[in-house]
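To start, the structure itself, in structure tokens.
The values are calculated or read from the model by the stated rules, or taken from the named source; none is laboratory data. Since we're looking at a predicted model, the values are computed, not measured. Counting neighbours? That spans all protein chains shown, and the Cβs are built from the backbone with ideal geometry, glycine included.
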Amino acid sequence: MCNLYSLTRGQAAIREMTRAMVDRTGNLPLMPGIYPDYRAPIVRHGEAGREVAMARWGMPSPAFALTGRKSDPGVTNVRNAGSPHWRRWLGETSRCVVPFTSFAEPAVRADGGRENAWFALSADRPLAFFAGIWTRWTSVRKVKEGETTNDLYAFLTTEANAEVGAIHPKAMPVILTTAEEIGHWLTAPVQEALQLQRPLPDGSLSIVARGGKEDRWSSAAGPAT
């Protein structure tokens, strides 16, 4: 389950690849470590067309998961798109794409410890996108915050391909690598869009870093030291 990813490409690249006409993110910094409940950019349908906007990572949890709890930190990864809980957000207006450059899965070292294995399409971390969903929701995310209204998002997962499966055999994020796939996820009828819920072909991903809570690589300077 992917609960950590990075975004080390700028806003212009996101707008260009998604053909977003509006950018509501302000001066967006590079984000080498994005964790659950962090605010991060998504691309969604807006009133003036596709827009880049900030949202909080973690969709509303199903009711059964909230029994006896005072807060809902949200669900970051969605596997069962056929569940009634998730089907309400599979329409075109609730779909989004989530930009990233690498994502982490916890790997077991030879000494029995654990470290993050960072996956990317290649060593130079090209921009790619997770297929996601979003909603505006009022809830208690953290008890100390009380009730708040937030734009929330999560992304779909699917079976793992060979590279991810060697580290995390159960699942990997649904990854979109072309403008055509992005457009299909955002605009196609739901059953056609869900055909994209499949693993990348074997050989499409590489482990580009190990360890660390962030992947600080940038196109200008390479890996941070």
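Within region 18-25, does at least one residue satisfy the condition of being of a type in the set (G, A, S), farther than 26 Å from A160 by Cβ and either surrounded by 19 or more Cβ atoms within 10 Å (Cβ to Cβ) or without any contact (Cβ under 8 Å) to a residue 24 or more places away in the chain (or both)? There is at least one residue in region 18-25 that is of a type in the set (G, A, S), farther than 26 Å from A160 by Cβ and either surrounded by 19 or more Cβ atoms within 10 Å (Cβ to Cβ) or without any contact (Cβ under 8 Å) to a residue 24 or more places away in the chain (or both). For region 51-62, check the following and say yes or no: at least one residue is out of contact with any strand residue (DSSP E or B) (no Cβ under 9 Å at 6 or more places or on another chain) and modelled with pLDDT of 95 or more. No. Within the bounds of region 192-204, is there any residue that is closer than 15 Å to A120 by Cβ and under 20 Å from the mean Cα position of the chain (by Cα)? For region 192-204, residues closer than 15 Å to A120 by Cβ and under 20 Å from the mean Cα position of the chain (by Cα): present.
Close Cβ contacts (under 6 Å, 6 or more residues apart or on different chains) running from residues in region 121-137 that are touching a residue at least 60 places away in the same chain (Cβ under 8 Å) to residues that are crowded, with 24+ Cβ neighbours inside 10 Å and outside any strand (DSSP E or B) comprise R125/T101; A131/V174; A131/W185. In region 46-62, the qualifying residues are those that are hydrophobic (A, V, I, L, M, F, W, C) and farther than 24 Å from R87 by Cβ, and the one that is surrounded by the most Cβ atoms within 10 Å (Cβ to Cβ) is V52. Touching a helix residue (DSSP H, G or I) at 6+ places or on another chain (Cβ under 7 Å), outside any loop (DSSP other than H, G, I, E, B), over 23 Å from R198 (Cβ atoms) and touching a residue at least 60 places away in the same chain (Cβ under 8 Å) - does that describe any residue in region 62-78? No: region 62-78 contains no residue that is touching a helix residue (DSSP H, G or I) at 6+ places or on another chain (Cβ under 7 Å), outside any loop (DSSP other than H, G, I, E, B), over 23 Å from R198 (Cβ atoms) and touching a residue at least 60 places away in the same chain (Cβ under 8 Å).
Which of the strands (runs of 3 or more DSSP E) contained wholly in region 1-60 include at least 2 residues that are among the β-branched types (V, I, T)?
Output list reads 39-46.
Take A160 and decide whether it is among the small types (G, A, S), touching a Pro at 6+ places or on another chain (Cβ under 8 Å), surrounded by 13 or more Cβ atoms within 10 Å (Cβ to Cβ) and touching a residue at least 12 places away in the same chain (Cβ under 8 Å). Answer is yes for this residue. Only residues that are in contact with a Phe, Trp or Tyr (Cβ under 7 Å, 6 or more places away or on another chain) and on the phi < 0 side of the Ramachandran plot were counted across region 10-55, and they come to 7.
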